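Peer 1: Mind having a look at this structure? Questions to follow.
The values are calculated or read from the model by the stated rules, or taken from the named source; none is laboratory data. This structure is a prediction, so every number in the text was calculated from the model and none was measured. So basically every Cβ, Gly included, is an ideal-geometry build from the backbone, and we count neighbours across all protein chains shown. With ligands, DNA and RNA removed, areas are computed over all heavy atoms of the protein, side chains included. Shrake-Rupley method; radii C 1.70, N 1.55, O 1.52, S 1.80 Å.
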Amino acid sequence: MKSNIKYLKNMVLALMAFMLVFAVPAFGEEQESDLYYNDQVQDLMIIIGYESDDFTAYFVDPNDKKYTLDALGAEMEDGLCIAVIEDAVEGRWKIVYDKGSNESLHVTVEPWLDGISMENFKMSGPTDGYVKLKFSIDGPKSCYYNYRVVLGTSADFANQRVLEESDFYYSGDEKELSIDFRDVNSSDSYYLLLEVSYSGKVMDYFDEEIVGPFSVKGEELEKLSDYDVTVDTAQHQIVISLKDDLPYYATTGYVTVDIDGARVAESLLDFDGNQTQTVVEYDPGTAGEVVCNVKITNGDGRISADSVKTFRLDDQGDKFTCVMPEDKPYNNRTYQIYYKNADDNRIYWVIEDGYEDYENVTGSGYLKLELNEGTTYLKVRYTNDDGIEFVDERYVTVDSLPPALSLYEHPDGLITEASTYILSGVTDAGATVTINNEALTTSGDGAFQKELALEDGENVFVITAQDEAGNASTYAVKINKTVPAGTRQEGAADSSFLTRILPYLPLIVAGYASIFGIILLLIVAGGKKKGKPVLSIIRNASIVGAIFALVAFVADFIVWKKREAYAKSVDFINMAYDSKKEAYAYMETTDKLHTVWQALLIAFIALAVIAVLAAVLGILLKPNPEAKARRQAAREAKKAEREAKLREAEEAKKRAAEAKAIEDAKKAEEAKKAAEAKAIEDAKKAEEAKKAAEAKAIEDAKKAEEAKKRAAEAKAIEDTKKAEEAKKAAEAKAAAETEKPEAEPEPKPEPKPEPKPEPKKLRFCTGCGNQLADGIAYCNKCGKKV
């Protein structure tokens with residue numbers, strides 16, 4: 001089976017791993033240090049942690065062969081340099097490095113593994129509540145491995161339970177695990193996962209085996225004896241509470257709710273966390289069969305059998321049921337709750353904040369409650385034959401008063417020759433209005449209007465307004481369509497002065513307001529230009545405004561008086577006869593003019609008061625001429641003083657600049673003289689140095705010639721002596737060879753082999769058996785001091 005290899009290149013985890021090995025000291029120059037003792041030919045992985053990548057390093061094997069990072073194809077990323085040496089020879093390896101700008105380089109070495117794999121995996125059982133797992137490992141031996149056994153209900157282990165996890169020491173023999181299945185629930189589709197992992201210094205290796213599906217027959221817990229279900233029909237909620245019926249060993253509860261076969265909710269309750277209740281929302285109007293199912297588990301994960309409760313949200317059939325009236329206002333203080341199929345059942349209710357009361361009922365009928373006029377809080381509950389409690393709470397409105405109904409004009413008994421009549425009025429907001437059973441559209445505030453078609457003779461119209469509670473108000477009118485003789489009065493004028501000017505009234509008002517605005521702007525602008533006080537400008541503007549308000553008031557008053565006279569004239573009667581709408585418009589416009597007349601009177605009084613106040617304040621606040629002159633003199637004196645100080649400062653600045661210029665000229669002259677003197681001195685020194693160099697060169701040439709001559713003579717004498725000695729040695733050798741036989745050459749002694757370095761002694765933790773690196777004082781696995 002192919003193994004997975006997880007590279008740990010995360011910087012934090014890498015630094016933690018480096019702390020468990022040695023740190024190579026760095027001193028800003030090339031250093032050599034022992035790297036690793038390799039006890040067999042194998043692949044080695046070397047990791048160098050750095051801060052800056054300007055360091056250099058290479059590795060030296062026991063045969064002095066060099067391995068550079070480039071030759072090894074090392075990867076450098078995120079502060080880590082990783083290199084792999086294949087078939088590294090046995091013996092002690094060294095590293096030669098230069099830290100560059102790094103304070104230190106952190107180096108770790110470990111054998112490179114292709115991975116681990118489980119071999120000869122076998123599973124047996126469960127027998128007596130235990131499952132046996134046997135396997136061997138193709139990977140490092142004499143070290144510790146971690147394992148984890150997981151049980152799931154699908155091959156992807158979406159729903160899983162960890163049965164056991166720990167570590168074990170693997171020496172190479174077959175490993176056997178005994179897994180406890182006594183608390184596993186019954187199922188025909190279990191899957192088992194065994195995962196074995198080995199942790200290196202910087203990477204983890206693991207392999208896994210999956211078995212399944214297989215069946216397990218376990219012992220189920222006793223199902224929950226009872227629980228509470230409450231249906232809140234007002235909030236559209238199903239509340240399931242397990243608090244009062246939980247056995248002592250229950251730790252969790254799994255609750256599901258189905259409506260008409262469709263799963264609408266499922267909840268997992270933690271009883272240790274005091275979660276003993278779940279609330280399920282359902283849509284208003286939902287009807288059908290509801291199935292609530294509860295399972296509990298103990299601390300070992302054993303699951304109980306199903307505890308099921310079934311009921312309906314709508315009609316309970318032949319079971320005891322209460323039906324609440326429609327949620328709307330009522331015009332009767334007697335509130336009736338219908339019930340059926342009762343067999344000495346009990347209905348509870350609470351009105352407002354009173355005590356809870358009840359009544360036992362049998363058969364079918366109505367429970368009658370007396371409520372007060374207005375809005376009353378009402379809560380009703382009962383328990384059906386399935387033990388399900390139904391709760392309904394609502395605010396019930398009792399309204400026994402009919403809605404108001406009034407007409408803007410009462411046309412009852414009206415005689416007219418018009419073919420239509422516009423009927424308008426108002427009722428309570430929300431009420432419906434009908435005329436002869438024909439519904440009308442009302443505005444938000446209850447206003448309505450209808451153009452009625454009139455037939456010759458008597459026309460009867462019945463207007464009805466009905467509120468939501470069913471209360472009604474009715475008004476009947478009779479209108480006669482005819483043309484009475486002599487209705488129109490002959491010789492009357494067609495119009496009046498006011499009717500003639502009404503079309504031009506907006507233009508007159510706009511022109512009048514424009515003239516007033518222009519005069520007001522001229523007063524304000526002229527006052528500011530002449531430097532007049534603000535109070536004077538306000539006074540003048542108020543006087544002009546009062547005059548304009550007075551003129552407009554007089555004009556409006558005259559128009560209003562004419563309106564009163566015109567409303568009583570024959571002209572107005574004829575106009576109303578010809579066009580009631582035009583008459584209404586005339587009356588409405590003149591009513592608005594009357595309002596303007598009153599407003600203009602108030603404006604005239606207010607502006608006159610403002611003008612008087614501004615004049616009085618102007619007199620009271622008028623400045624004293626002598627004080628004003630003194631203040632003006634003081635201001636001029638301060639101004640003259642400031643100008644004098646400015647002139648003195650300017651003159652002082654000018655004198656300082658002239659003095660500095662003179663001083664700078666003197667310093668420049670002195671610097672020039674010093675430079676000329678230094679130049680002369682430097683020229684003298686240069687001349688003397690040149691002469692000394694020429695003399696030294698001549699002397700050095702002479703010494704070199706003499707030394708060369710003496711060396712040549714000494715070499716010639718030495719060569720002559722060596723030639724003479726060589727000649728004599730050759731003659732002596734020739735004479736010896738002629739006298740003695742040739743002797744056998746003595747065998748050269750064999751070179752002694754260099755002693756092989758002893759393998760490094762391995763260190764193991766006495767607590768957990770973990771192999772330890774050199775220089776480690778505490779076990780990196782169990783933390784024990786070594």
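Peer 1: Could you please state how large a percent of the accessible area of region 640-729 is carbon and sulfur, counting protein chains only and using a 1.4 Å probe?
Peer 2: 59 percent
Peer 1: Taking 0.36 nm per intervening residue step and subtracting the Cα-Cα distance, what contour gain separates A447 from A565 on full extension?
Peer 2: 39.2 nm
Peer 1: Another one. Which links in K243/K368; K328/K379; K319/K379 stretch past 24 Å when you go from one Cα to the other? Working shown, then result.
Peer 2: On the way: K243/K368 35 Å; K328/K379 15 Å; K319/K379 22 Å.
As for pairs spanning more than 24 Å Cα to Cα, those are K243/K368.
Peer 1: Once the piece of chain linking S33 and Q336 is laid out straight, how much longer is it, given 0.36 nm per residue of separation minus the C-alpha distance between them? Walk me through the intermediate numbers first.
Peer 2: Details: separation 303, 0.36 × 303 = 109.08 nm, distance 9.93 nm.
Gain on stretching S33 to Q336: 99.1 nm.
Peer 1: Another question, then. Starting from the Cα of V323, step 7 Å along the direction of its Cβ; do the same at A637; then give the gap between the two resulting points in nm.
Peer 2: Label-label distance for V323 and A637, simple model: 10.5 nm.
Peer 1: Within region 71-89, name every residue whose backbone N is under 13 Å away from a label modeled 7 Å from Cα of Q42 along the Cβ vector.
Peer 2: Under cut-off, by backbone N: 87-89.
Peer 1: So, one more: Quick query: amide H of T252 versus all other amide H atoms, modeled in the peptide plane; which residues come in under 5 Å with a sequence gap of 5 or more or a different chain?
Peer 2: Distant-sequence amide H within range of T252: F271, T297.
Peer 1: Between V554 and K696, what is the label-point separation in nm under the 7 Å Cα-to-beta-carbon projection?
Peer 2: The modelled label-to-label distance comes out at 12.5 nm.
Peer 1: Here's another thing I want to ask about it. Under 19 Å from a point 7 Å along the Cα-to-Cβ line of S536: which residues of region 597-613 have their amide N that close?
Peer 2: 611-613
Peer 1: Per 0.36 nm of contour for each residue apart, how much would the distance between Y408 and L617 grow if the chain were fully extended, relative to their Cα-Cα spacing?
Peer 2: Numbers: separation 209, 0.36 × 209 = 75.24 nm, distance 5.29 nm.
My answer for the length gained is 69.9 nm.
Peer 1: Using the basic label-point model (7 angstrom from Cα toward the beta carbon), what is the S189 to L268 distance in nanometres?
Peer 2: 1.8 nm
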